[in-house]
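The values are calculated or read from the model by the stated rules, or taken from the named source; none is laboratory data. Nothing here was measured: the structure is a model prediction, and the numbers come from that model. Here the Cβ is made from the backbone with ideal geometry for all residues, glycine too, and neighbour counts use every protein chain on show. Please note that ligands, DNA and RNA were not included when accessible areas were found on the heavy atoms of the full protein model with its side chains. Shrake-Rupley method; radii C 1.70, N 1.55, O 1.52, S 1.80 Å.
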Amino acid sequence: MPGWLTFPALCSFLLPWTLTIFQIALGDPAPHPGPHYLLPPIHEVIHSRRGATATLPCVLGAPPPSYKVRWSKVEPGELRETPILITNGLHARGYGPLGGRARMRRGHRLDASLVIAGVRLEDEGRYRCELINGIDDESVALTLRLEGVVFPYQPSRGRYQFNYYEAKQACEEQDGRLATYAQLYQAWTEGLDWCNAGWLLDGSVRYPVLTARAPCGGRGRPGIRSYGPRDWKRDRYDAFCFSSALAGHVFFVPGRLTLSEAHAACRQREAVVAKVGHLYAAWKFSGLDQCDGGWLADGSVRFPITTPRPRCGGLPDPGVRSFGFPSPQQPAYGTYCYAEK
């Protein structure tokens, strides 16, 4: 009869509506808008180590007729993104210092994944893969996270000597960089307990407490104590530095050496006196365990312990012990040297 739907047409009309009701009845989420061309990443956090090659996945489900893909790094604490690489699917151009170590993976014609060679400490952070086609720009975000170690640092003058910029420089001089909050939190869960407050990369000042006690913020719950954002130029605290796996190795040279003799001993072995970050990384990743104080490049004397034992630092937990900053002319310690492989 005119005006009536045929049975096949009726099925075509009702089927999408019926399937939606069926999905809701089963508890499936209702359809929602998502990337039209870019596939969502299976893993949004990519783990790597310094010196390794890291791949940040970005894959097109289908290519638009004309497009570009732009990779950028979201700078922490700043409202800007740093370009790394732009490609039109055929040719790619790198930008900045990271662009020289970055390339497209090109595993297949829809692959826009970014490969970073020789990962550095400053490469950790948030990245964005953005598809630009002039109509419906889309993007996916990923985080590159390095396995590493956080260590508190203060100079020979004593605690609370650094403003933010000085803390940042001090960490870089010790083969590290200012730690992020996430890195400090991870270190706290792994046993870092420290009463002195220190700068973090985002400009906040915090300190991790495992055993709550009166001199460390009171007897409340353990956690990360916060002083909140501070004045980067005026306020002064210690620093929490972050370092990762080493390209070379650290070794101990015994003796009763002054600091200048320690430098000479390392040079004789085609090495340099190790930095604080070197020693922490060797302790963390290579299991360096040495119950002997040794000079480091900053003039401090420390030793790494992975298996606590009597008369070897006196503390029940693993860690890097410190004798502070003895007189450089005092001939009483060996030295820790660092050699590239």
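Could you list, ordered by first residue, the pairs with Cβ atoms under 9 Å in which the first is in the range 162-181 and outside the structural domain of Glu124 (by the TED database) and the second is in a helix (DSSP H, G or I) and of a type in the set (Lys, Arg), at least 6 apart or interchain?
That search, which allows pairs on different chains as well, returns Phe162/Lys168; Arg177/Lys168; Leu178/Lys168.
If I filter the range 39-55 for residues that are open to solvent by 60 Å² or more (accessible area, probe 1.4 Å) and at pLDDT below 90, do I get at least one hit?
no
Which one of Val276, Val301 is β-branched (Val, Ile, Thr) and in contact (Cβ under 8 Å) with a residue 40 or more places away in the chain?
Only one candidate qualifies: Val276.
Residues that are under 30 Å from Glu122 (Cβ atoms) and open to solvent by 20 Å² or more (accessible area, probe 1.4 Å): list the strands (runs of 3 or more DSSP E) wholly contained in the range 214-305 that include at least 2 such residues.
Of the strands (runs of 3 or more DSSP E) lying wholly inside the range 214-305, those with at least 2 residues that are under 30 Å from Glu122 (Cβ atoms) and open to solvent by 20 Å² or more (accessible area, probe 1.4 Å) span 223-229, 249-257.
Consider the range 306-336. How many of its residues are over 21 Å from Cys171 (Cβ atoms), surrounded by 19 or more Cβ atoms within 10 Å (Cβ to Cβ) and touching a residue at least 40 places away in the same chain (Cβ under 8 Å)?
3
Could you run through the range 67-98 and say how many residues are open to solvent by less than 60 Å² (accessible area, probe 1.4 Å) and farther than 24 Å from Asp202 by Cα?
Going through the range 67-98 one residue at a time, the tally reaches 8.
Is the range 80-97 home to any residue that is assigned by the TED database to the domain that holds Ala141, part of a strand (DSSP E or B) and in contact (Cβ under 8 Å) with a residue 60 or more places away in the chain?
Scanning the range 80-97, I find no residue that is assigned by the TED database to the domain that holds Ala141, part of a strand (DSSP E or B) and in contact (Cβ under 8 Å) with a residue 60 or more places away in the chain, so the answer is no.
Looking for whichever is over 19 Å from the mean Cα position of the chain (by Cα) and outside the structural domain of Thr53 (by the TED database) here; the options are Phe251, Phe285. Which one fits?
On inspection, the qualifying residue turns out to be Phe251.
Determine whether the range 228-245 contains at least one residue that is more than 29 Å from Tyr165 (Cβ to Cβ) and either without any contact (Cβ under 8 Å) to a residue 12 or more places away in the chain or more than 17 Å from the chain's Cα centre (by Cα) (or both).
No, because not a single residue in the range 228-245 is more than 29 Å from Tyr165 (Cβ to Cβ) and either without any contact (Cβ under 8 Å) to a residue 12 or more places away in the chain or more than 17 Å from the chain's Cα centre (by Cα) (or both).
Write out, first by first residue and then by second, each pair whose Cβ atoms fall under 9 Å of each other, whose residues are 6+ apart or on separate chains, and whose first residue, in the range 256-267, is over 15 Å from Asp292 (Cα atoms) and modelled with pLDDT under 95 while the second is surrounded by 12 or more Cβ atoms within 10 Å (Cβ to Cβ) and among the polar types (S, T, N, Q).
Going by the 9 Å Cβ cut-off, there are no qualifying pairs.
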